[in-house]
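Here is the structure we will look at.
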Amino acid sequence: MEHLSIKGGRRLTGSINVEGAKNAALPACVATLLTDEPVILHRIPQLRDVSTILATITSLGKRVTREGDRVEITHGETLKAEAEARYVKQMRASFLVLGPLLARLGHAVVPLPGGCTIGPRPIDLHLQGLKRLGATIEERVDSVAVSAEQLRGARIDLPYPSVGATEQLVMATTLAKGETWIENPAKEPEVADLIDLLRKMGAQIEVTPTAIRVVGTESIHGAEHTVIPDRLEAGTYLLAAAITGGEVEVKGVVPKHLRPLLAVLKEAGMMCFEGNDTIVLANTERPHPVQVSTAPHPGFPTDLQPPLVAMLSLARGKSVIEEMVFERRFGYTPSLKRMGAHIVLTDRTATITGVSTLWGAEVDAPDIRAGAALVLAGLAAQGFTRISQLEQIDRGYAKIEVKLSLLGAQIERER
Ligand code: EPZ
């Protein structure tokens with residue numbers, strides 16, 4: 001079994017390039033199901049989750065050609081209406097194929113999704129939305145079957161701005177009859193990027209401050225699109241600089257996508273400098289404690305909560321972090337505690353009393369971002385840290401050990 005071996009205590013310095021956003025690349029690949037024409041996507045990161053989504057759409061009939069970060073997706077065989085459990089169980093984003101298949105074929109069967117173990121991840125908002133569009137839904141033991149001769153535009157009020165439900169419904173309604181208003185949609189940059197791609201494919205979509213309006217068309221066409229840079233990868237490396245008292249430049253980012261993190265980092269005493277497409281973080285001291293609640297965009301992103309907690313475990317004082325998006329996203333804190341962190345959990349809140357030293361330990365990466373948090377803790381800890389279940393980290397971070405080594409970390413992937 002592969003693991004990461006880290007000898008902590010090195011200050012990270014230097015520059016790194018950020019990959020394309022995983023969470024923009026995944027729905028972009030799914031959106032290609034909406035047309036038989038070729039779609040060319042650029043800046044697609046080489047990640048396990050991307051391979052899984054490409055395998056999912058290939059199994060549904062698409063042909064995929066991949067050269068580096070360029071992926072060309074064309075018509076292969078006749079589109080199939082049934083997605084395979086072996087893909088959808090690996091990753092929740094595969095469930096997004098439901099809406100496009102329904103819109104194209106009038107029916108679809110998709111297994112219930114798997115994914116990170118960060119709390120219950122229901123699909124009720126996806127299904128309620130499709131129902132509003134006229135779909136008949138049959139919830140089976142292990143899958144969902146949907147059908148509709150013709151999806152019809154409707155007003156859908158999302159009780160919560162779910163990223164996945166918004167993406168599902170925007171994709172499905174591009175081919176619905178008439179006009180759809182999705183009220184209270186997710187506003188994450190990755191959702192905006194999907195809308196950008198769909199517009200290039202000929203979809204008629206308008207975004208207002210509180211809603212998304214989609215006017216359905218009979219068909220949409222091929223397009224070429226470059227996905228946005230990964231704000232979560234960039235944020236993780238900025239936090240790696242912060243926890244090691246280093247100075248790191250992340251290149252090829254959209255700084256405004258990272259403002260919620262930068263605001264917290266500044267409050268924690270870090271110096272942050274924004275360029276056009278770069279951010280530099282410099283830190284020489286232990287962080288100041290902060291109070292943060294995660295929230296949908298433009299709030300503090302839940303995906304950066306675990307690496308933020310890792311950094312705050314070395315702060316000078318007591319920080320309070322509330323996790324308001326996913327109920328069980330503190331599953332990595334017992335591992336951080338084994339490394340010497342002082343964290344008390346109550347319901348959705350972690351109270352972190354900063355310590356002056358973390359100690360290396362043997363730990364497992366329970367999910368993508370939790371894995372990243374443990375890597376950061378290992379970089380700052382005294383002694384060796386060994387992180388297993390690397391496949392979780394590989395789902396979301398390309399060559400993490402290579403990038404961190406370039407910044408001066410002592411980190412290796414071992415078998
Ligand atoms: C997306 O997941 C991301 N995944 C997640 O990133 C990210 O943490 C999350 O959005 C929040 O930003 C992808 O984009 C592939 P949600 P998603 O639907 O779409 C509840 C990572 O590490 N909810 O906005 O699943 C749900 O239980 C991953 O890269 C319902 O109640 O997130 C949760 O509490 C992890 N019913 C909240 O909404 C539903 O039908 C947010 O979920 C759907 C969601």
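The values are calculated or read from the model by the stated rules, or taken from the named source; none is laboratory data. Everything numeric in this text was worked out from a predicted model, so none of it was measured. Every residue, glycine among them, receives a Cβ derived from its backbone with ideal geometry; neighbour counts consider all protein chains shown. Surface areas here come from the heavy atoms of the whole protein model, side chains and all, with no ligands, DNA or RNA. Shrake-Rupley method; radii C 1.70, N 1.55, O 1.52, S 1.80 Å.
Of the residues making up region 234-248, not a single one is small (Gly, Ala, Ser), farther than 30 Å from Val375 by Cα and at pLDDT 95 or above. Of the residues making up region 356-380, just one is of a type in the set (Val, Ile, Thr), open to solvent by less than 30 Å² (accessible area, probe 1.4 Å) and under 17 Å from Gly245 (Cα atoms), namely Val375.
Quick check on this structure: which one of Asp277, Asp303 is in contact with a Leu (Cβ under 9 Å, 6 or more places away or on another chain) and not basic (Lys, Arg)?
Numbers: Asp277 fails: in contact with a Leu (Cβ under 9 Å, 6 or more places away or on another chain).
Step by step, each of Asp277, Asp303 is checked, and only Asp303 is in contact with a Leu (Cβ under 9 Å, 6 or more places away or on another chain) and not basic (Lys, Arg).
Taking region 82-97 as the region of interest, how many residues are aromatic (Phe, Trp, Tyr) and either in contact with a strand residue (DSSP E or B) (Cβ under 8 Å, 6 or more places away or on another chain) or open to solvent by less than 20 Å² (accessible area, probe 1.4 Å) (or both)? Full working, then the answer.
Just the residues of region 82-97 that are aromatic (Phe, Trp, Tyr), to begin with: 87, 95.
Next cut, either in contact with a strand residue (DSSP E or B) (Cβ under 8 Å, 6 or more places away or on another chain) or open to solvent by less than 20 Å² (accessible area, probe 1.4 Å) (or both) only: 95.
Total meeting the criteria: 1.
Against the test of being assigned to a loop (DSSP other than H, G, I, E, B) and over 24 Å from the mean Cα position of the chain (by Cα), the options Glu138, Glu149 yield a single qualifying residue, Glu149. The criterion of at least 3 residues that are open to solvent by 20 Å² or more (accessible area, probe 1.4 Å) is met by the following strands (runs of 3 or more DSSP E) wholly inside region 1-62: 13-17.
Looking only at residues in region 381-415 that are out of contact with any Gly (no Cβ under 6 Å at 6 or more places or on another chain), of a type in the set (Gly, Ala, Ser) and buried (at least 24 other Cβ atoms within 10 Å of the Cβ), the one that is farthest from Lys337 (Cα to Cα) is Gly396.
Quickly run through region 125-142 and pick out the residues that are surrounded by 17 or more Cβ atoms within 10 Å (Cβ to Cβ) and more than 14 Å from the ligand (Cβ to nearest atom). Within region 125-142, Leu133, Ala135 qualify. Restricting region 306-352 to residues that are among the hydroxyl-bearing types (Ser, Thr, Tyr) and over 24 Å from Ile6 (Cα atoms), the residue that is least open to solvent (accessible area, probe 1.4 Å) is Ser319.
Does at least one position in region 71-87 carry a residue that is within 17 Å of the chain's Cα centre (by Cα) and closer than 23 Å to Gln392 by Cβ? Let's see the steps before the verdict.
Residues of region 71-87 that are within 17 Å of the chain's Cα centre (by Cα), as a first pass: none.
Looking through region 71-87, none of the residues is within 17 Å of the chain's Cα centre (by Cα) and closer than 23 Å to Gln392 by Cβ.
Does at least one position in region 160-167 carry a residue that is in contact with a Lys or Arg (Cβ under 9 Å, 6 or more places away or on another chain) and over 21 Å from Val110 (Cβ atoms)? Scanning region 160-167 turns up at least one residue that is in contact with a Lys or Arg (Cβ under 9 Å, 6 or more places away or on another chain) and over 21 Å from Val110 (Cβ atoms).
Which one of these is within 12 Å of the ligand (Cβ to nearest atom), part of a loop (DSSP other than H, G, I, E, B), touching a residue at least 60 places away in the same chain (Cβ under 8 Å) and open to solvent by 20 Å² or more (accessible area, probe 1.4 Å): Pro161, Pro113, Pro122? Lay out the reasoning, then the answer.
Values: Pro113 fails: touching a residue at least 60 places away in the same chain (Cβ under 8 Å); Pro122 fails: touching a residue at least 60 places away in the same chain (Cβ under 8 Å).
Of the residues listed, the single one that is within 12 Å of the ligand (Cβ to nearest atom), part of a loop (DSSP other than H, G, I, E, B), touching a residue at least 60 places away in the same chain (Cβ under 8 Å) and open to solvent by 20 Å² or more (accessible area, probe 1.4 Å) is Pro161.
Hey, any hits in region 352-364 for a residue that's more than 24 Å from Ala234 (Cα to Cα) and acidic (Asp, Glu)? Scanning region 352-364 turns up at least one residue that is more than 24 Å from Ala234 (Cα to Cα) and acidic (Asp, Glu). Of all the numbered requirements in (1) closer than 30 Å to Val280 by Cβ; (2) within 12 Å of the ligand (Cβ to nearest atom); (3) in contact with a strand residue (DSSP E or B) (Cβ under 6 Å, 6 or more places away or on another chain), Pro189 misses one, and that requirement is (3). Thr32 fulfils the conditions (1) within 13 Å of the ligand (Cβ to nearest atom); (2) of a type in the set (Val, Ile, Thr); (3) touching a strand residue (DSSP E or B) at 6+ places or on another chain (Cβ under 9 Å) except for a single criterion, (1). In the condition set (1) free of Cβ contacts under 8 Å to residues at least 12 places away in the same chain; (2) surrounded by 21 or more Cβ atoms within 10 Å (Cβ to Cβ); (3) hydroxyl-bearing (Ser, Thr, Tyr), Thr65 is compliant with all but (2).
If only residues of region 288-305 that are buried (at least 21 other Cβ atoms within 10 Å of the Cβ) and away from the ligand (no atom under 12 Å from the Cβ) are counted, the one that is farthest from Lys22 (Cα to Cα) is Val290. In the condition set (1) assigned to a loop (DSSP other than H, G, I, E, B); (2) within 16 Å of the ligand (Cβ to nearest atom); (3) open to solvent by less than 50 Å² (accessible area, probe 1.4 Å), Leu79 is compliant with all but (2). Filtering region 293-326 to residues that are assigned to a strand (DSSP E or B), touching a helix residue (DSSP H, G or I) at 6+ places or on another chain (Cβ under 7 Å) and either under 27 Å from Gln382 (Cα atoms) or not assigned by TED's automatic domain parsing to the domain that holds Val253 (or both) leaves Ser319, Ile321.
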